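Report on the structure given below.
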Amino acid sequence: MTHRKPSAPHPRHIHIGKRDRVFVLTGAGISAESGLATFRGADGLWEGERVEDVATPRGWQRDPERVWRFYSQRRQKAVEAQPNAAHRALAQLEEQLGERFFLCTQNVDNLHERAGSHNLVHMHGELFGSRCPLCEREAFHDTRLYPNAASHVRCECGGRIRPDIVWFGEVPFHMERILEELSRCTLMLVIGTSGVVQPAASFVHWANQHHTEHRPVRTFYVGPEHPANAIAFTQVFAGTAGEVLPTLFHLA
Ligand SMILES: [Zn+2]
């Protein structure tokens with residue numbers, strides 16, 4: 001911990017008032033700190049697989065066995081991973097704020113839930129969920145592994161059950177709820193995801209749009225890299241989520 005003057009222009013804490021509503025967006029960085037590898041745009045690979053092969057509808061059409069083998073490995077890795085200090089800090093904040101806290105995660109693992117978060121949506125789907133691509137049957141909780149085609153299951157309608165993941169080219173889940181929460185939050189945090197890349201860039205914009213003199217909206221970014229659109233945020237906190245979050249929040 002560094003020593004600082006109380007009057008420093010850039011406070012090291014976020015003060016949360018009794019009437020604040022908090023919206024949090026988390027991304028790959030927070031899972032990476034728990035050892036879960038995520039897709040890196042630079043080489044187009046995700047754990048050695050091409051993204052087109054394992055994270056697009058076309059890849060699924062072409063080779064469902066390869067897709068299920070990949071997500072079965074991801075399930076195994078996620079079971080072995082543990083929530084970190086950042087997950088725990090957000091769960092603790094929810095405990096203190098109750099329904100004034102909302103978490104939107106781009107991550108498909110369940111580390112937020114395992115840390116104790118409840119009021120959250122997975123906009124890119126869930127690793128431990130499966131669904132039928134053909135009929136209206138709801139997605140269901142699924143921890144099974146599908147190492148080969150013989151292990152695959154079919155829906156009553158005949159459809160081949162697929163991972164409940166939003167692939168590239170598919171529409172993110174829960175957008176209506178997310179927009180509603182963004183329109184009523186007074187405090188928005190972007191954590192462990194690039195502030196410039198979508199959806200974070202739009203989300204901070206939407207939150208800022210609801211700023212008024214009588215109902216100020218504050219937006220914050222937490223990440224190891226300084227975002228190109230830092231100007232869109234009230235303040236940027238430099239550091240990894242696990243370093244920054246545990247001491248970030250001061251409640252009124
Ligand atoms: Zn079906």
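I need the full set of residues from the range 140-150 which are in a loop (DSSP other than H, G, I, E, B), away from the ligand (no atom under 16 Å from the Cβ) and open to solvent by less than 80 Å² (accessible area, probe 1.4 Å), in order please. Matches in the range 140-150: Leu145, Tyr146, Pro147, Asn148. Scan the range 151-187 for residues that are open to solvent by less than 70 Å² (accessible area, probe 1.4 Å), away from the ligand (no atom under 16 Å from the Cβ) and part of a loop (DSSP other than H, G, I, E, B) and report the count. Final tally of qualifying residues: 7. Of everything in the range 188-214 that's free of Cβ contacts under 8 Å to residues at least 24 places away in the same chain and part of a helix (DSSP H, G or I), which residue is least open to solvent (accessible area, probe 1.4 Å)? Here the answer is Ser202.
For Val79, indicate whether it is in contact with a Cys (Cβ under 7 Å, 6 or more places away or on another chain) and either under 24 Å from Thr38 (Cβ atoms) or open to solvent by less than 80 Å² (accessible area, probe 1.4 Å) (or both). Show your work before the answer.
Details: in contact with a Cys (Cβ under 7 Å, 6 or more places away or on another chain): no; either under 24 Å from Thr38 (Cβ atoms) or open to solvent by less than 80 Å² (accessible area, probe 1.4 Å) (or both): yes.
No: the conditions fail for Val79.
When you scan the range 213-249, how many residues do you find that are among the aromatic types (Phe, Trp, Tyr) and in contact with a Cys (Cβ under 9 Å, 6 or more places away or on another chain)? Residues that pass the stated criteria total 0. Of all residue pairs spaced 6 or more apart or on separate chains, those with beta-carbon atoms under 6 Å, a first member in the range 156-170 that is within 14 Å of Asp53 (Cβ to Cβ) and a second member that is more than 15 Å from the ligand (Cβ to nearest atom) and open to solvent by less than 20 Å² (accessible area, probe 1.4 Å) are Pro163/Tyr71; Ile165/Gly125; Trp167/Ala55; Phe168/Ala55. Of all residues in the range 190-226, those being over 16 Å from the mean Cα position of the chain (by Cα) and closer than 22 Å to His15 by Cβ number 12. Among the residues making up the range 38-60, those that are open to solvent by 50 Å² or more (accessible area, probe 1.4 Å) and at pLDDT below 95 are Phe39, Arg40, Gly41, Ala42, Asp43, Leu45, Glu47, Gly48, Arg50, Glu52.
Considering only residues that are outside any loop (DSSP other than H, G, I, E, B) and within 16 Å of the ligand (Cβ to nearest atom), which ones fall in the range 87-139? If the condition is that a residue be outside any loop (DSSP other than H, G, I, E, B) and within 16 Å of the ligand (Cβ to nearest atom), then Gly129, Ser130, Arg131 are the ones that fit. The residues listed here are Ala115, Ala81; of these, the one that is touching a residue at least 12 places away in the same chain (Cβ under 8 Å) and touching a Pro at 6+ places or on another chain (Cβ under 7 Å) is Ala115.
The values are calculated or read from the model by the stated rules, or taken from the named source; none is laboratory data. Predicted, not measured: the structure shown is a model, and the values here were computed from it. Cβ sites come from the backbone with ideal geometry, for glycine too, and all protein chains shown count toward neighbours. When the accessible area is computed, the model is the full protein with side chains, heavy atoms only, and any ligands, DNA or RNA have been set aside. Shrake-Rupley method; radii C 1.70, N 1.55, O 1.52, S 1.80 Å.
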